[in-house]
1. Scanning region 134-150 for residues that are touching a helix residue (DSSP H, G or I) at 6+ places or on another chain (Cβ under 9 Å) and of a type in the set (S, T, N, Q), which turns out surrounded by the fewest Cβ atoms within 10 Å (Cβ to Cβ)?
2. Looking at region 69-95, which of the residues that are acidic (Asp, Glu) and part of a loop (DSSP other than H, G, I, E, B) is farthest from Gly11 (Cα to Cα)?
3. Among the residues of region 74-87, is any in contact with a strand residue (DSSP E or B) (Cβ under 6 Å, 6 or more places away or on another chain), aliphatic (A, V, I, L, M), at pLDDT 95 or above and surrounded by 15 or more Cβ atoms within 10 Å (Cβ to Cβ)?
4. Here's a check for you: in region 1-43, which residue that is part of a strand (DSSP E or B) and of a type in the set (Lys, Arg) is farthest from Thr128 (Cα to Cα)?
5. Which one is surrounded by the most Cβ atoms within 10 Å (Cβ to Cβ) among residues in region 191-215 that are aliphatic (A, V, I, L, M) and modelled with pLDDT of 85 or more?
6. Going by the conditions given, is Glu145 modelled with pLDDT of 80 or more, more than 14 Å from the chain's Cα centre (by Cα) and within 27 Å of Val7 (Cα to Cα)?
7. Would you check if there is a residue in region 51-62 being at pLDDT 75 or above and surrounded by 16 or more Cβ atoms within 10 Å (Cβ to Cβ)?
8. In region 1-35, how many are of a type outside the set (Phe, Trp, Tyr), at pLDDT 95 or above and surrounded by fewer than 12 Cβ atoms within 10 Å (Cβ to Cβ)?
Amino acid sequence: MAKFEIVEQEGVRLVKVTLQDETVRTESGALYYMRGNLTMESRTPGVGGLLKSLASGEKIFRPTYTGTGELFLEPSFGGYHVFECGDQTWIAENGAYWASEMGVAVSVHREKALTALKSGEGFLDFQTKLSGRGQIVLQAQGPVETIVLENDKLVVDGRYVLARTGDVQYSARRAARSLFGSFTSGEGLVRVYEGSGTLLMAPIPFWRHRLFDSIAALSAARAAKSS
């Protein structure tokens, strides 16, 4: 089994993967550097996979790395969360996926059009579907909290949920029963998760994490250029 580690160096974090005659898959463009006897391969998906990628905005190519050695993925000013898929199906926020073992199948999940529209994502709300066995790495800002629902309901204001198991039902609705109540409460629309299953929550909404990372990277690049 591949070994995934979160390494912190001078304020940034990165994922280190140690392979012993194994294969892992990563998000496109995630490579930082690698050492040892490792080979990278990037296959073109079939027509169906290509069309889904174009429609959803998901990356068309997700390279694999095979062999024995150490693989280092790009540093981030945010963070990462490693967990076991556990022979379950997980639905992750679009763009949260970073890497996984080959026992994990990576595909596209589409929310119902009305739910997507209410949640503010538009009619085409595509997320990443992960299923099978093996370790998964997600991008996350701050420590990730695991919440287990047992025939229960969780109401969340914003994109704090990084991933949920597929048996948890997701919908979006007004925070209060009336439109006026939702407006005056300052909450507007909320995300509702119901049923029995597991959710992974981060203390900072996912879109803010990506924005912060982009701004910090740009600032670092400008500082390096001016020095």
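1. Residue satisfying both the conditions and the ranking: Gln141.
2. The initial filter retains those residues of region 69-95 that are acidic (Asp, Glu), namely 70, 74, 84, 87, 93.
So of that shortlist, the ones also part of a loop (DSSP other than H, G, I, E, B) come out as 74, 87, 93.
Values: Glu74: 14, Asp87: 34, Glu93: 25 Å.
Within region 69-95, the match that is farthest from Gly11 (Cα to Cα) is Asp87.
3. yes
4. So, considering only residues that are part of a strand (DSSP E or B) and of a type in the set (Lys, Arg), the one farthest from Thr128 (Cα to Cα) is Arg35.
5. Residue satisfying both the conditions and the ranking: Ala202.
6. The answer is yes for Glu145.
7. yes
8. Selection size over region 1-35: 3.
The values are calculated or read from the model by the stated rules, or taken from the named source; none is laboratory data. No experiment lies behind these values; they were computed from the predicted model shown. All Cβ positions, glycine included, derive from the backbone under ideal geometry; neighbour counts span all protein chains shown.
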